[in-house]
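See structure below.
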Amino acid sequence: INDGSVAVGDVLTCAVDYDRREKIAPNHTMTHVLNYALRKVLLGGPNDEEEKKGKISQKGSHVDENRLRFDFGWDKPVSTEQMAEVERLVNEQISSNLQVYDYQAPLAEAMEIYGLRAVFGENYPDPVRVVSVGISEEQLKANPKSEDWANYSVEFCGGTHVQTLGVGEVFVITEETGTAAGVRRISGVTREKARECNADADKFA
């Protein structure tokens, strides 16, 4: 509150900053795709045994209009080569301009989707919102256990997203660091900020 006060019984008007939201959406969606790419590169895809140990499990996430940040379970630095491959996979999906789908599904039904990314210990609502990149609701419901879904991002999420990945334009990893024992953090940018990063990098090439 910048001025005045709010009391029980007051009538309030809620307003969405759509200009800011439009800038946040690609960063949020690309966090999902980054999550997929990390599991693909570091674990070779879905790996129940390693994931039960907390490997690549989400430990935190922050997105705003300027950047994205993703914390995950991993016990050593991600190598330069691995980061390059993660970045390549994300940009490959952006270039393919995959459609982003979302729908409501009974929690038990949604949990059956092969390769689903969900936060361990999180209490999800029932029904739950499923956000999938590149796979339609009809495809997932027709064959939820298809191993083909390992090649796409499928998560539970209630946030704002783009409708197609091409809106993100380009993705660049800006930092990889440790935040605690067994936890790594990757930060990145999209769109104009990503192009600026690539332009700066070219100066040193």
Any residue that is among the charged types (D, E, K, R) and modelled with pLDDT of 95 or more - is there at least one of those in the stretch 38-52?
yes
Residues in the stretch 25-44: is at least one part of a loop (DSSP other than H, G, I, E, B) and farther than 25 Å from residue 164 by Cβ?
yes
Are there any pairs, at least 6 apart or on different chains, whose C-beta atoms fall under 6 Å, with the first in the stretch 137-148 and farther than 17 Å from residue 99 by Cα and the second of a type in the set (A, V, I, L, M) and assigned to a loop (DSSP other than H, G, I, E, B), and if so, which?
144/113
Across the stretch 68-84, which residue is farthest from residue 19 (Cα to Cα) among those that are surrounded by 16 or more Cβ atoms within 10 Å (Cβ to Cβ) and of a type in the set (D, E, K, R)?
71
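Residue check: is residue 166 open to solvent by less than 40 Å² (accessible area, probe 1.4 Å), assigned to a helix (DSSP H, G or I) and not aromatic (Phe, Trp, Tyr)?
Numbers: open to solvent by less than 40 Å² (accessible area, probe 1.4 Å): yes; assigned to a helix (DSSP H, G or I): yes; not aromatic (Phe, Trp, Tyr): yes.
Here the answer is yes, as residue 166 does meet what is asked.
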Of the conditions (1) on the phi > 0 side of the Ramachandran plot; (2) open to solvent by 40 Å² or more (accessible area, probe 1.4 Å), residue 99 satisfies every one except a single condition; which number is it?
(1)
Hits in the stretch 145-163 (condition: in a loop (DSSP other than H, G, I, E, B) and open to solvent by 40 Å² or more (accessible area, probe 1.4 Å)):
145, 152, 158, 163
State the number of residues belonging to the stretch 1-39 that are open to solvent by less than 70 Å² (accessible area, probe 1.4 Å), of a type outside the set (Phe, Trp, Tyr) and in contact with a Ser or Thr (Cβ under 8 Å, 6 or more places away or on another chain).
10
Which condition number does residue 172 fail, the rest of (1) in a strand (DSSP E or B); (2) open to solvent by 40 Å² or more (accessible area, probe 1.4 Å); (3) not polar (S, T, N, Q) being met?
(2)
Single unsatisfied condition, residue 192 versus (1) open to solvent by 20 Å² or more (accessible area, probe 1.4 Å); (2) over 20 Å from residue 95 (Cβ atoms)
(2)
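The values are calculated or read from the model by the stated rules, or taken from the named source; none is laboratory data. Model, not experiment: these values are computed from the prediction. With ideal geometry, Cβ positions are generated from the backbone for all residues, glycine too; neighbour counts draw on all protein chains shown. Heavy atoms of the whole protein, side chains included, go into the accessibility calculation; ligands, DNA and RNA do not. Shrake-Rupley method; radii C 1.70, N 1.55, O 1.52, S 1.80 Å.
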